[in-house]
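Colleague: Just passing along the structure, written as structure tokens.
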Protein chains: 4
Amino acid sequence: MNKAYRTSITTHVNGRLYVYGYDLVDLAQETSFAKSIYLILKGNMPDKNSEKMINSMLTIAIDHGVEPPSTVAARNVYSGGSPLQAAVAAGILALGEYHGGAIETAMENFKKYLNLGTKVMLNDFNQSGKRIAGYGHKIYETDPRTQKLVSLAKKFGFLGKYVKFALSVEDVLSKGGKKLPLNIDGIFAALLLEMGFNPKVGKGFFIIARTPGLVAHIIEESLREKPFRRLTEKDVEYDGPRPRK
Amino acid sequence: MNKAYRTSITTHVNGRLYVYGYDLVDLAQETSFAKSIYLILKGNMPDKNSEKMINSMLTIAIDHGVEPPSTVAARNVYSGGSPLQAAVAAGILALGEYHGGAIETAMENFKKYLNLGTKVMLNDFNQSGKRIAGYGHKIYETDPRTQKLVSLAKKFGFLGKYVKFALSVEDVLSKGGKKLPLNIDGIFAALLLEMGFNPKVGKGFFIIARTPGLVAHIIEESLREKPFRRLTEKDVEYDGPRPRK
Amino acid sequence: MNKAYRTSITTHVNGRLYVYGYDLVDLAQETSFAKSIYLILKGNMPDKNSEKMINSMLTIAIDHGVEPPSTVAARNVYSGGSPLQAAVAAGILALGEYHGGAIETAMENFKKYLNLGTKVMLNDFNQSGKRIAGYGHKIYETDPRTQKLVSLAKKFGFLGKYVKFALSVEDVLSKGGKKLPLNIDGIFAALLLEMGFNPKVGKGFFIIARTPGLVAHIIEESLREKPFRRLTEKDVEYDGPRPRK
Amino acid sequence: MNKAYRTSITTHVNGRLYVYGYDLVDLAQETSFAKSIYLILKGNMPDKNSEKMINSMLTIAIDHGVEPPSTVAARNVYSGGSPLQAAVAAGILALGEYHGGAIETAMENFKKYLNLGTKVMLNDFNQSGKRIAGYGHKIYETDPRTQKLVSLAKKFGFLGKYVKFALSVEDVLSKGGKKLPLNIDGIFAALLLEMGFNPKVGKGFFIIARTPGLVAHIIEESLREKPFRRLTEKDVEYDGPRPRK
């Protein structure tokens, strides 16, 4: 008979915990958190350069200020009087298709079009009218985070076929005139593919990176703000029906 | 051997679904949603007046505009590109201690102090320095929703000991000068006790009432707004350390 | 200058609250919760038959026992020591594509293929290989909830073009032999279209209906179970790497 | 006029992002993720030993298998057809008072009783009848994770007053006979105090540590399991009313 849950990640043997076969307690002595994240998402240990690359990626996405919808959602939930875990959860819920969620889609596109080439890719997107995941940014014309990650990729040996392909798409996209830069979602996608991650990992990787930032904002909310945020007249425009019977 | 889950709410018998013993399909023919809500929260059918009272309470709390933190959280989560259920969940997460959550606490207080009297109650709260759940409102000096519910309670036969006690606490609280009105949490608490609900039901009742409002706001967000809300400079003040090495 | 939030749902005028122009406090006196739900999702008042239809639909979906993933998620979240609103949110988060989420898709399909006909519809789905939203059930060969709603639709005047189309699709689908019944998602979709709702409302309607059931299960968990559910050896099969260095 | 949001964490200057004054893009070149987590939670950079201690703590709590309620909630939410971020959020929602949430409480207790001593502390808890946060475990009689962290604390210079106090409480608690070991929540609490963290950080630190484990389980669910988990008869016992009219 089959059991209800199957897993290949973690097991208990004689009161000890093993993650993909590694004793977690032994591991804790000699590892970095980044290394453990790599292990649990991929099932094997990173080499030194992968660990460095991962550390840089996770750091660069750790926060983006109060402004994005995830931080606003997290602070408002805390403000209603719910505990920290509820506010973190709300922040993570905002990490959807337009907020970190493009990484998975970009990974799938890069895998699909790597051999077909940029011409076929852009043609397909022109025909479907869809936006190409991983390009463009509301604020940045050139995303300094992307530039740094590309230079680190070179240093650590990850400027391979996927990063090159991602950059060649950026070149073609920007020929028209308006700059459509490879954004942080796009470079994350290319780098995760270089390291052999499954596209399914894409969004999860961003969530892991951003969670400490959300936690920090919620703690700040708890220490500095009064309960119950409320929008005021200057924030809200009503354009519905007038009072009626 | 004990099974992992026990329930006395709903069961399947011969391919039919029974809620507290009532065939749900039969029930659907002759019930109102309010009646079914009462049944599932209490385990028995309401009489006609309880059904009316519940209908009024659920309606009066169905929405409070874009302004509260629950609506803001819900809209921001949707804005990040997550599906409707994620946005509803975020809205509900904001319904904490300061946002509907006082109902349960107020129910417990009213039960505890009904026989001890207002004097003991206010004395205890003065000593502990805690706010009394169910009194005071940021906007209203007299909450018109409370007044309506009190008049309906009279009409439907629920102006009993708990509502009277809740009103007598309001009287004493307002003697000093500054009005501390019985708010919607407080009158909900008193009315739910009149109908014999467990205090645990308090917060859940408010969540049920407010969910349609949250859904409506999220659908409006989906039909009228562009993705990815972002606060701007005029919303955010930074007072942390200056750039450093 | 544009304000950050726009809404046509609810506004405050002179300290009173108006939903689509109706004074919420006046409304509370004479309405049913189902009527208010209709109003807030659609922007106008239901007639008597729509109100009855809505009451039946909301009731019939109010709970489906402990078994579905939404209830399990809700109970486990409460079991970790988080408050009721967090557990309700977790339950709602499980209401995804396979759990109530088919209503919106089915609504869009019915709208699209109503004039094209069942033949074109089934042809398209055969070619794409996708499942047709709103048909088939893991447990029921004929869903008694669907049958009841169809008979009520007849009684209340909603056996119109969408319900007829939905039933004709069921007929064609079941010709092959294996019964693929119109399920509760499918009949909800057809009925919501009969009443003129936007497909976006589909999933939200189901969430509203199911929330009281989730609340009831969480209160039961709080009153009857010890904290911290934990799966045991008999529930979990490990098939990952053996202990290694 | 005050702006709606204030923060001292992250700001944008000339298109670059600064976390507590450190340019995030520069930081990404030379940091570890653990270091960045320390920075964003505390406002300053860790020394080498703090960074090592944090790496060990975050690793040791990265996962605890399928068994805990957080993993079950996360997998069930995904199983309903919601996206990864919704499932991660549900897992985090389960990290309540009984599931990581004791760290904050234990930090507050240790701070309060450090100077009053174990005797006063145990006396107070005996009188109130409350459980002492951070002690006892359902599975372990001696938690090997705690033992490892204590030995690492010694190595890295964190076997200070808080860890010693936490261990002395364990000694007294275990005198009676039944072992009540310092558990992972308790040692986390003592170590975070040694490093000077605010108690508010406690639960957030555990959430950050566990999020990668939750992500890994959800990806496994997505790659290996069919949608819509459903409990069966062998899991559920019904003890409510029999069918009735």
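Computed from the coordinates by the stated procedures, all read-outs in this text should not be read as laboratory data. All of these numbers come straight from a predicted model, not from anything done at the bench. Cβ atoms come from the backbone with ideal geometry, glycine included; neighbour counts cover every protein chain shown.
Colleague: Within 10 Å of each Cβ in peptide C:202-208, how many partner chain Cβ atoms are there on average? Round it to a whole number, please. Working shown, then result.
Modeller: Details: counts 1, 7, 12, 2, 1, 10, 8.
Partner-chain Cβ atoms within 10 Å, mean over residues of C:202-208: 6.
Colleague: How far is C:Lys178 from itself in the other copies, in nm, if each label sits 7 Å out from Cα along the Cα-Cβ line, shortest first?
Modeller: Nearest first, the other copies' label points are 4.8, 5.4, 6.9 nm away.
Colleague: Have a look at the DSSP beta bridges in the protein assembly as shown and tell me what percent are antiparallel, nearest 5. Intermediate values should be presented prior to the final figure.
Modeller: Values: 28 of 44 bridges.
Taking every DSSP beta bridge within the protein assembly as shown, about 65 percent pair in antiparallel fashion.
Colleague: Can you tally the net charge around C:Leu231? Count Lys and Arg as +1, Asp and Glu as -1, for every other residue whose Cβ sits under 12 Å from the Cβ of C:Leu231. Could you put the intermediate results ahead of the total?
Modeller: Details: positive: A:Lys3, A:Arg6, C:Arg229, C:Arg230, C:Lys234, D:Arg75; negative: C:Glu233, C:Asp235, C:Glu237, D:Glu67, D:Asp235.
Taking every Cβ under 12 Å from that of C:Leu231, the sum is +1.
Colleague: Quick one: C:Thr31, A:Thr118, fewest Cβ neighbours within 10 Å first, how do they rank?
Modeller: Details: C:Thr31 23, A:Thr118 17.
The fewest-first ordering by Cβ neighbours comes to A:Thr118, C:Thr31.
Colleague: Assuming 0.890 mPa s and 25 °C, estimate D for chain B with Stokes-Einstein, Rh taken as the Kirkwood radius over Cα pairs, in µm²/s.
Modeller: Details: Rh = 20.5 Å.
D = 120 µm²/s.
Colleague: If you don't mind, another one. Give the relative contact order (percent, whole number) for chain A; include only Cα pairs under 8 Å separated by 6+ residues.
Modeller: Numbers: 275 pairs, mean separation 62.2, N = 245.
Relative contact order comes out at 25 percent.
Colleague: Mean Kyte-Doolittle of at least 0.5 and a Cα length of 30 Å or more along the axis: which whole DSSP H helices of chain B meet both?
Modeller: Details: long enough: B:201-224 (35 Å, 0.66).
Answer set is B:201-224.
Colleague: Tell me, how many Å apart are the Cα centres for segment A:70-146 and for segment A:34-55?
Modeller: Between the Cα centre of segment A:70-146 and that of segment A:34-55, the gap is 23 Å.
Colleague: OK, next. Take every Cα-Cα distance within the protein assembly as shown, group them into 10 Å bins from 0 onward, and report for each bin the whole-number percent of pairs it holds.
Modeller: Using 10 Å bins, I get a P(r) of 2, 11, 20, 25, 21, 14, 5, 1, 0 for the protein assembly as shown.
Colleague: Just tell me how shielded A:21-27 is by partners: mean number of partner chain Cβ atoms within 10 Å of each residue's Cβ, no decimals. If you can, show how the numbers build up before the last one.
Modeller: Values: counts 6, 4, 5, 9, 10, 3, 5.
Mean shielding count: 6.
Colleague: Moving to a separate point now. Extent of segment D:9-120 along each principal axis, from alpha carbon coordinates, in Å, largest to smallest?
Modeller: Ordered largest first, segment D:9-120 gives principal extents of 52, 44, 23 Å.
Colleague: Next up: Placing one identical point scatterer on every Cα of segment D:1-45 and ignoring solvent, what is log10 I(q)/I(0) from the Debye formula at q = 0.21, 0.26 Å⁻¹?
Modeller: -0.71, -0.95
Colleague: Work out the mean other chain Cβ neighbour count within 10 Å for the residues of C:96-105 and drop it here as an integer. Mind showing how you got there, number by number?
Modeller: Details: counts 14, 8, 8, 9, 3, 6, 1, 0, 2, 0.
If you average over the peptide's residues, the count of other-chain Cβ atoms is 5.
Colleague: Return the whole-Å distance between the Cα centroid of segment D:162-176 and the Cα centroid of segment A:171-226.
Modeller: Taking the Cα centre of each part, segment D:162-176 and segment A:171-226 sit 44 Å apart.
Colleague: Could you please rank A:Thr11, D:Thr232, A:Thr59, placing first whichever residue has the fewest other Cβ atoms within 10 Å of its Cβ?
Modeller: The most exposed by this proxy come first: D:Thr232, A:Thr11, A:Thr59.
Colleague: While we're on this one: Just in segment B:1-93: which trypsin sites (Lys or Arg not before Pro) are loop by DSSP and have at most 16 other Cβ atoms within 10 Å?
Modeller: On the way: sites: B:Lys3, B:Arg6, B:Arg16, B:Lys35, B:Lys42, B:Lys48, B:Lys52, B:Arg75; in loops: B:Lys3.
Listed in order of number, the matching sites are B:Lys3.
Colleague: Can you list the residues, at least 5 places off or on another chain, whose amide H is less than 5 Å from the amide H of C:Leu17, using H built in the peptide plane?
Modeller: C:Leu24, C:Val25
Colleague: Amide H of D:Glu237: which non-local residues (sequence gap of 5 or more, or other chain) have their own amide H closer than 5 Å, using H built in the peptide plane?
Modeller: Those qualifying (amide H under 5 Å, at least 5 residues apart or on another chain) are B:Tyr5, B:Arg6, B:Thr7.
Colleague: Here is a further query. With only Lys, Arg, Asp and Glu charged, each at its Cβ (+1 for the first two, -1 for the last two), find how big the charge dipole of the protein assembly as shown is about the Cα centre; round to the nearest 20 debye. Kindly include the intermediate steps, with their values, before the conclusion.
Modeller: Working: 136 positive and 96 negative charges, 0 e Å.
About 0 debye.
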